[in-house]
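Let me begin by presenting the structure, written as structure tokens, before commenting on it.
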Amino acid sequence: MKSIYKIGDIVHAVDVRNSNMQCDNLLGLSMTKEFRPSTSNIVGTDLSKYKIVGFNQFAVDFMSAIRVHRMPIALNRTGDDIIVSPAYGVFAVNDESIVLPEYLMLWFSRSEFDRYADFKSDSAIRGGFDWIELCNTYISLPTRMEQEKIVRDYQVITNRIESLQKIVEDSFKLVDMVYTKWIERGQSPYRDGEIALTNENDLPIGWHEEELGSYIESYSKSHSFSKEALIFLNTSDILAGRFLTNAYMKVSDMPGQAKKQISKGDILFSEIRPANKRFALVRFDASDYVVSTKLMVLRTTQNKLSNLRIYHYLTMEKTLMDLHREADGKSGTFPQITFDDNLRHRKFVVANEKTEEEFNKMLKAHFDYCFSLQDEIDVLENIRSILIHQREKGV
């Protein structure tokens, strides 16, 4: 059985300052509703005015809802105190027999709550979503036993997701290590001769540097828009190889930057902030997809190197950091790259035919495996999402 409460009836505000400077663990809040290292410059800052967030207490950035359409809230699950900006709100649960802090955090993680906070921010006279608005928000709570089960199930799924993500990360590290040794350092077991080098950059015979533009093009054909509804992908809709949406949208409702068509095998790569990892390889029939002009559509133009080989090179941490630095060096609102300025003439090492052939076999096995694990992660995340959308009415 469920009971309806106002948030203000089940939590209370906390305002404990770091007056004795007992804590120096300054953290901020992320859009994923987690604590993160603070990016603020605190040189000369009086940390005694900062707020302490104790175990099982929440911190919230009320002003973000109006700016980013999400409400950053995080629960301190560690055994250590945290300090946060004095501009943040801090609160705690009144009675854990009524609501578990972990369950309340799951409830705050729902997309419905973010939409509600965004709506309230928009409709407020001053803009923003404040403590009073939060306290007046209604929540429907299941019994303590049901809450415990939901939290437990959620954690089991989360542990499985984290385990799969670790396997994926380890596989990428292994492939990157092989790439560095075999190709960049020329220590491939398939090279011709033990120490035979060319006169160019001390590369083995058969190795050479090439421009990316010799292998790929920036494809920019406009979509036909022959259907009333299509799936629109903006830069925020892809992340580190994942597609975050497959929802259809009326073409008439799409923004002006919805223009490009894509096909299976294309590489999508954001022009904005390369280090944010807004990239993906299209692994499916994509005739119903239209993408933003801020996404480069990269397509191979030859048969010597596969799209997997190019995709791997473009998405390695070193490449992303190099491109991000180049973007930072340009004037403008956002760190941005273009195909002509940053990719077409970018040099990368191409090994001899046998090495490239064997490395491509490794890449195919790696990506097939990692893509299958990522598909499983996506399914688990959908199941986990169901747990935090427990038959809510209203918000």
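The values are calculated or read from the model by the stated rules, or taken from the named source; none is laboratory data. No experiment lies behind these values; they were computed from the predicted model shown. When we count neighbours, we look across all protein chains shown, and the Cβ atoms used for this are built from the backbone with ideal geometry, even at glycine.
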Q.
Being farther than 29 Å from H208 by Cβ, surrounded by fewer than 18 Cβ atoms within 10 Å (Cβ to Cβ) and more than 23 Å from the chain's Cα centre (by Cα) is the requirement here; does K330 meet it?
A. yes
Q) Across the range 72-96, which residue is surrounded by the fewest Cβ atoms within 10 Å (Cβ to Cβ) among those that are more than 27 Å from the chain's Cα centre (by Cα) and at pLDDT 95 or above? A) D95
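So, of the residues in the range 168-193 that are of a type outside the set (A, V, I, L, M), in a helix (DSSP H, G or I) and surrounded by 12 or more Cβ atoms within 10 Å (Cβ to Cβ), which turns out to be modelled with the lowest pLDDT?
Filtering the range 168-193 for residues that are of a type outside the set (A, V, I, L, M), in a helix (DSSP H, G or I) and surrounded by 12 or more Cβ atoms within 10 Å (Cβ to Cβ), the one modelled with the lowest pLDDT comes out as E184.
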